Structure formats: structure tokens, C-alpha cells
Amino acid sequence: MLKFNSDGKFTIMQISDAQDLPLVRKSLVRMINRACDVLHPDLVLFTGDNILGNHINDAVIGTRQVASGHDATRSRVERAISHIVLPLEARKIPFAVLYGNHDDMNCIEKSEQSEIYGNYSSCVGSGADVGAGCGTYDIPIMSSDGTRRAFTVWMLDSAGKGADGNWYTTISRNKIDWMLRKNEKIKKAFGVLPSLVFQHVPIPETVQLIRECEKNNECTEHGTAHPRATNCSANAAGSSRGNTALSANIRMYALKMSANLKR
């Protein structure tokens, strides 16, 4: 059970675009280990492109392929996943995953990757299909005493390979409808609760938040909001071939439980 701490706080650490491969990227693993030790997260979310699926069978990214077929590919997917998950397993930090446009660019579908993640003891959400397709689900965070839901984390699938074999980079209507129906049930049971939504591909409206700044001039936003999001590390560049940059971004969300939800 995930729940707010006795002080009413809960820390989420988001790892985006790890784009991991079978050949371990030591800088990436060091960054994950360091972030865990500095932030002490209560939950870690992998939010898509966790592995670089279209290069999973390459000897080195962008070079000749050294494996093919289901079993060999699955073995390499399992190895890539282990690099980013084992730091959490070692610390017994709960984690959950959703998928991006690169994860299933191979013969290992998201549903099968969900099984791989689900085999880890610290996994609290692998994206198994709960009614809206693989990768779309909710994670309840309970009050400090564990008696009621106090917060909801929504994980929405926004990219990958569909059942018809076509690729998509948007959230489908059926996933939004599922979320609305589920939220109505939550409201009836617990009232209106705060929440965060995570998805891999940004919505088009994101560009409306971009402000042009003068060169070498800081853009400062005033005021505060909860939950608070803080970048805690820039990236961990790994060895790459040509001009391909491999990096992962880590972000922290510090949640504070509403006073009227405390017990």
C-alpha cells in the first residue's frame, strides 16, 4: 500500500526517456542510484521510452544486429529493463511504468513487457490492461493512516504500436472515457481528490505554455502551486554512435496531503 508519510508528505520521482539498452550505460545507472539516495522517493515512475526498443538487438546502437527472434529479443529486453529497475529493487522503492513510442519497437509487445516489470517485487504498476489497454491505469495513494484514498496518480498510454499494427502518438478517446468513469467512482467513494496525470507524449496545448525570452535572460515564474515539481538532475549521457544522444531526465514531485484528508 502506498500512503502519505506521518508528516503528510509523499515524494514521487519521475524517470523519463531512459532509453536503456542491453549494454549497460554506467552513467545512467549512477544517476538513478544518486537520485534515489538524494531524494529518498516514496514512488518512482518510469514514464515511457524506458528502453530503446528499435535498437534493442544492435551490437552497439546504430550498428549491425546481433540477435533476432522472440526469445533472443526478450532476453535483451529483460537485460535492458534490469539496469534501470535493480537500483530500486535494492532499496525496496516502489515503482510503476507506462510506455512510450520506443518501448515496443520490436517483437516484444507492451503486454509482455508488462509481465517482465511485474516480476519485480517493488513493482506496483506494470501497465497491465485494466480496461483501457496496456499502459493505462491509476495508482491510489492512501492517507497517512491508510484508511482512505487521498491522492490519485493517473498513468495514460499515449504512444506505441496498436493492435492493428499501426503506430500512434496520442491518447485515444477510450482511454479518456475510462479515466472519467474511474474518477466518478473515486469521487463517489472519497470525494474530489487531487491528482497528477502522467503520459509520454505531450499534448499539443503544451506549446501554449512556452514563453519566448531574451537571449541570456532569465524567465522567472512567480507564485507557488501544489504539487511542486522540481528538476533534480539534467541527464546522464551514455556512449553513443554518431550524433545520437542518449539521456534520461529525472524530476521530483513533492506532494503534501490536504489538511482535510489527514487523520
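The values are calculated or read from the model by the stated rules, or taken from the named source; none is laboratory data. Note that the coordinates shown come from a computational prediction; the quantities given were computed from them, not determined experimentally. Neighbour counts run over all protein chains shown; Cβ positions are idealised from the backbone, glycine included.
For ARG91, state whether it is surrounded by fewer than 22 Cβ atoms within 10 Å (Cβ to Cβ) and either under 30 Å from ASN5 (Cβ atoms) or among the hydroxyl-bearing types (Ser, Thr, Tyr) (or both). Considered against the rule, which asks whether it is surrounded by fewer than 22 Cβ atoms within 10 Å (Cβ to Cβ) and either under 30 Å from ASN5 (Cβ atoms) or among the hydroxyl-bearing types (Ser, Thr, Tyr) (or both), ARG91 comes out as yes. None of ALA67, ALA72 is over 19 Å from the mean Cα position of the chain (by Cα) and modelled with pLDDT of 95 or more except ALA72. Kindly list the number of the only condition in (1) out of contact with any helix residue (DSSP H, G or I) (no Cβ under 9 Å at 6 or more places or on another chain); (2) acidic (Asp, Glu); (3) at pLDDT below 95 that fails for ASP129. Unmet for ASP129, out of (1) out of contact with any helix residue (DSSP H, G or I) (no Cβ under 9 Å at 6 or more places or on another chain); (2) acidic (Asp, Glu); (3) at pLDDT below 95: (1).
Within region 14-27, is there a residue that is part of a helix (DSSP H, G or I) and over 20 Å from TRP167 (Cα atoms)? There is at least one residue in region 14-27 that is part of a helix (DSSP H, G or I) and over 20 Å from TRP167 (Cα atoms). Residues considered: ARG30, ARG76. Of these, the only one that is assigned to a helix (DSSP H, G or I), touching a residue at least 12 places away in the same chain (Cβ under 8 Å), of a type in the set (Lys, Arg) and under 23 Å from ILE250 (Cβ atoms) is ARG30.
The single residue among VAL197, VAL130 that is under 27 Å from SER6 (Cα atoms) and of a type in the set (Val, Ile, Thr) turns out to be VAL197. A Cβ distance below 9 Å, combined with a sequence gap of six or more or placement on separate chains, defines the contacts here; from region 42-70, residues that are in contact (Cβ under 8 Å) with a residue 24 or more places away in the chain reach residues that are in a helix (DSSP H, G or I) and among the small types (Gly, Ala, Ser) in the pairs VAL44/ALA35; ASN50/ALA80; ILE51/ALA80; LEU52/ALA80; GLY53/ALA80; ILE56/ALA80; ASN57/ALA72. Of the residues making up region 83-126, those that are touching a helix residue (DSSP H, G or I) at 6+ places or on another chain (Cβ under 8 Å), under 20 Å from ASP71 (Cα atoms) and in a helix (DSSP H, G or I) are HIS83, GLU112, GLN113, ILE116, TYR117. Check whether at least one residue in region 143-151 is out of contact with any Cys (no Cβ under 7 Å at 6 or more places or on another chain) and surrounded by 20 or more Cβ atoms within 10 Å (Cβ to Cβ), and report yes or no. Taking every residue of region 143-151 in turn, at least one turns out to be out of contact with any Cys (no Cβ under 7 Å at 6 or more places or on another chain) and surrounded by 20 or more Cβ atoms within 10 Å (Cβ to Cβ).
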